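The values are calculated or read from the model by the stated rules, or taken from the named source; none is laboratory data. As the structure is a computational prediction, the values presented were derived from the model and not from experiment. FYI the Cβ positions are ideal-geometry reconstructions off the backbone, even for glycines, and counts take in every protein chain you see.
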Amino acid sequence: DRLPDDLFTAIAELKQKMNAVILAHYYQDPDLQDVADYIGDSLGLSQQAANTDAEVIVFLGVHFMAETAKILNPQKQVLLPDLDAGCSLADSCPPAEFAAFKAKHPDHLVISYINCSAAIKAMSDIICTSSNAVSIVNQIPADQPIIFAPDRNLGRYVAEQTGRDLVLWQGTCMVHEIFSERKLIALKQKHPQAEIVAHPECEPAVLRHADHIGSTTALLKYVQNSDRQEFIVVTEEGILHQMRKAAPDKVLIPAPPDNDCPCNQCPHMRLNTLEKLYLAMKNRQPEITLDESVRVAALQPIQKMLEMSR
Ligand code: 13P
Ligand code: SF4
């Protein structure tokens, strides 16, 4: 396929012709964020997917996010520019092993972070995201034991915030687990006025230095509204694009990972490109497909989350 010279215009034309909506996560490449109709965190993206009138949903994010949109919209076509855009956290929770884990705790309610496969959602009672996890756990009666999967760091944070004793699946996000506490402390010494804002998928050794912990949307709002001028941002660096737009006068410093990698990009998120987006829209594929029985089972805990987040 020969690509058009102006991909931005070509994508806008296709979008109109197809009656499509483009939903993007903050960790996408800035060019992709700029062509989206809506940019958000996982909760905002699922709420948008649940309410759209468009005939086609083009998802700029990773597989579990597009899959959630498809679970909510079985009649609509859901396109993901690169089907290999996975998630280390979702991969850390294989369905057969999780079924065995769940069987060991038969009295427990299963609350799963949205970063998991449809098969795990189908085994869950309620889905949550980083923006509503604390509130959802707080809505569960105190004597009800809970399994929290798959992110152990978000799980530990929620346990601390709610005072609940959660049984945790030991999954992690490859981007958030490699932030370095040592390098973060050194950076804070260089920028003593900076506030540290961090995503709850980070390890506890990093989170204990944070002035504010929250979902991507929560971190963006915090940076925008805080009186402070400087921020050390401990999450995937894609969020800086919207932070810079929302707070152009503020100094934003990405936190350093504990390896030689110069950046904090999620390799899965970054598989989507403007070229692949154009081709996905033009060819109407790759498309998300799902087994109907899994979809129906996965829909219930997602709907519960949406009801409990109003
Ligand atoms: P939120 O945008 O919901 O905070 O999720 C972060 C994340 O890691 C998505 O993969
Ligand atoms: Fe998964 Fe982490 Fe990438 Fe989010 S940033 S998609 S949790 S690997």
Exercise for the section: Considering every residue within region 14-33, establish whether at least one is without any contact (Cβ under 8 Å) to a residue 40 or more places away in the chain, assigned to a helix (DSSP H, G or I) and more than 24 Å from residue 175 (Cβ to Cβ). Expected result: yes
Practice task
Any chance you could count how many residues in region 34-65 are of a type outside the set (A, V, I, L, M), over 18 Å from residue 217 (Cα atoms) and assigned to a loop (DSSP other than H, G, I, E, B)?
Solution key: 3
Exercise for the section: Test residue 69 against the stated conditions and say whether it is within 13 Å of ligand 2 (Cβ to nearest atom) and either touching a residue at least 60 places away in the same chain (Cβ under 8 Å) or charged (D, E, K, R) (or both). Expected result: no
Fill in the blank from the handout: Of those in region 136-178 that are of a type in the set (Gly, Ala, Ser) and under 21 Å from the mean Cα position of the chain (by Cα), the residue surrounded by the fewest Cβ atoms within 10 Å (Cβ to Cβ) is 159
Practice task
For residues that are closer than 24 Å to residue 247 by Cα and within 16 Å of ligand 2 (Cβ to nearest atom), tally how many sit in region 203-225.
Solution key: 9
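Away from ligand 2 (no atom under 16 Å from the Cβ), outside any strand (DSSP E or B), among the β-branched types (Val, Ile, Thr) and at pLDDT 95 or above: which single residue out of 134, 78, 158 fits that description?
134
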